[in-house]
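To start, the structure under review is shown below, and the notes come after it.
Values quoted throughout were computed directly from the atomic coordinates according to the rules given, and no laboratory measurement underlies them. Please read these numbers as outputs of a predicted model, since none were measured by experiment. Please note: Cβ atoms are built from the backbone with ideal geometry, for glycine as well, and neighbour counts cover all protein chains shown.
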Amino acid sequence: MSSKSTAAQRLSDLARLRRVRDRIDRDYAQPLDVEALARGAHMSAGHLSRQFRLAYGESPYSYLMTRRIERAMALLRCGDLSVTEVCFAVGCSSLGTFSTRFTELVGMSPSVYRREAARSTAGIPSCLAKQVTRPIRNQEAPSAGRYLA
């Protein structure tokens, strides 16, 4: 294979990975799995997972869960839905998995986050609250106070 065809293949793979990432961003609340994402990108599940991790630093599943948790944080700040309703609204089918992943990324449980975030983000425009409260990918939350200072 020549370097031109290798470069062209790499660009094609990156474009497919962007489409996968865009699909996750758009359809995060739908049932998504790596197999379905891989079929849509015309890749095997293993190849998609490896290439996605190389391109974005995390697995497709981890990226999906981060998107879901970000949306859950916004819904919890509004305070209109219960934690269970938020869990299902963002596409999670297990309250236990949702709560565990939420706690890993945010540093506190969803119910504690709802109480604390409502007080700490009162009066802040939602676009700024989203930036301040964004979860950290590929790391455990440093402390509960990081987002609510």
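Computed values, structure above
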read-out	value
For segment 65-132, projected area of the alpha-carbon convex hull averaged over all directions, nm²	4.0 nm²
Residue order, fewest to most beta carbons within 10 Å, for Tyr61, Tyr28	Tyr61, Tyr28
P(r), alpha carbons of segment 3-57 - 5 Å bins starting at zero, rounded %	4, 20, 29, 26, 13, 5, 2, 1, 0
Fully extended contour minus Cα-Cα distance, from Ala7 to Leu54, at 0.36 nm per residue	15.3 nm
Ser93-Asp33 pseudo-label distance in nm [points 7 Å out on the Cα-to-Cβ vector]	0.7 nm
Centre separation in Å (Cα based) which lies between segment 77-115 and segment 33-70	22 Å
Rel. contact order, % - alpha carbon contacts under 8 angstrom, at least six apart, segment 48-117	26 percent
Footprinting exposure proxy for Ile124, Ile69 (fewest neighbouring C-beta atoms within 10 Å first)	Ile124, Ile69
